[in-house]
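The values are calculated or read from the model by the stated rules, or taken from the named source; none is laboratory data. All values reported here derive from a predicted model rather than from experimental measurement. For neighbour counting, all protein chains shown are included, and Cβ atoms are generated from backbone atoms with ideal geometry for every residue, glycine included.
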């Protein structure tokens, strides 16, 4: 948990639909006694983006489905005796705030917190997930979007995974028919995102 963390990883077989578009480290936020440093890998569904671009003759070129995985470290190292459970609520709160800002930066409006749930991840620990719903003005009338932010500690390291996807099949929202990638339902997109989240380490 000390210093600059290594990048998190996801099994390569889970990334067939995803393209790594950015990675980097930054100070995510500050605690009274330390900076929280995140090493993040951001992925986009470029196949979906290309399919929309082709189906709309280039009129719409937009990032519709995304996820990012972050591993956190502390600089300086947290004082001896600091248990993960002592700072986990702060980590969850800060992660939710930062994720909401990122949705806003993507142009999403009418963002509202929907619900929370728990999920067991590969380490055996439980992640707390928070769902946000909003509207993307990329199409006339707005496109419903759903975003999730999950936070957990595996006993040593903290992880944050975020992701988002259209709240309706894009084929319906855009009035196009261009193959399987645009017929994906919100339930299918959620299942795929949660499958990725479980295996981040």
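Looking at 149, 138, can you tell me which residue is buried (at least 20 other Cβ atoms within 10 Å of the Cβ) and either under 16 Å from the mean Cα position of the chain (by Cα) or assigned to a helix (DSSP H, G or I) (or both)? Quick ask: steps written out before the conclusion?
Details: 138 fails: either under 16 Å from the mean Cα position of the chain (by Cα) or assigned to a helix (DSSP H, G or I) (or both).
Result of the check over 149, 138: 149.
Only one residue in 38, 73, 81 is modelled with pLDDT of 95 or more, over 29 Å from residue 181 (Cβ atoms) and not in a helix (DSSP H, G or I). Which one?
Working: 73 fails: modelled with pLDDT of 95 or more; 81 fails: modelled with pLDDT of 95 or more.
Result of the check over 38, 73, 81: 38.
Look through the range 103-115, keep the residues that are surrounded by 12 or more Cβ atoms within 10 Å (Cβ to Cβ) and at pLDDT below 95, and return whichever of them is nearest to residue 146 (Cα to Cα).
Ranking the qualifying residues of the range 103-115, first place goes to 114.
Please state which of the following conditions residue 84 fails to meet, knowing it meets all the rest: (1) more than 23 Å from residue 3 (Cα to Cα); (2) surrounded by 16 or more Cβ atoms within 10 Å (Cβ to Cβ).
Of (1) more than 23 Å from residue 3 (Cα to Cα); (2) surrounded by 16 or more Cβ atoms within 10 Å (Cβ to Cβ), only one is false for residue 84: (1).
Tally the residues that are in a strand (DSSP E or B) and farther than 28 Å from residue 88 by Cα, restricting the search to the range 1-19. Before you say what the answer is, go through the steps one by one.
As a first pass, look at the range 1-19 and keep what is in a strand (DSSP E or B): 2, 19.
Of the ones still in play, those that are also farther than 28 Å from residue 88 by Cα are 19.
Adding up the residues that qualify gives 1.
Identify all residues within the range 27-54 that are touching a strand residue (DSSP E or B) at 6+ places or on another chain (Cβ under 6 Å), under 15 Å from residue 72 (Cβ atoms) and free of Cβ contacts under 8 Å to residues at least 40 places away in the same chain; write none if there are none.
Kept after step one, since they are touching a strand residue (DSSP E or B) at 6+ places or on another chain (Cβ under 6 Å), are these residues of the range 27-54: 27-29, 34-44, 46.
Those left that are additionally under 15 Å from residue 72 (Cβ atoms): 27-29, 34-41.
Answer for the range 27-54, where residues must be touching a strand residue (DSSP E or B) at 6+ places or on another chain (Cβ under 6 Å), under 15 Å from residue 72 (Cβ atoms) and free of Cβ contacts under 8 Å to residues at least 40 places away in the same chain: 27, 37, 39, 40, 41.
Considering each of 102, 122 in turn, give the residue that is touching a residue at least 60 places away in the same chain (Cβ under 8 Å), out of contact with any strand residue (DSSP E or B) (no Cβ under 8 Å at 6 or more places or on another chain) and not in a strand (DSSP E or B). First the steps, then the outcome.
Working: 102 fails: out of contact with any strand residue (DSSP E or B) (no Cβ under 8 Å at 6 or more places or on another chain).
Among 102, 122, only 122 is touching a residue at least 60 places away in the same chain (Cβ under 8 Å), out of contact with any strand residue (DSSP E or B) (no Cβ under 8 Å at 6 or more places or on another chain) and not in a strand (DSSP E or B).
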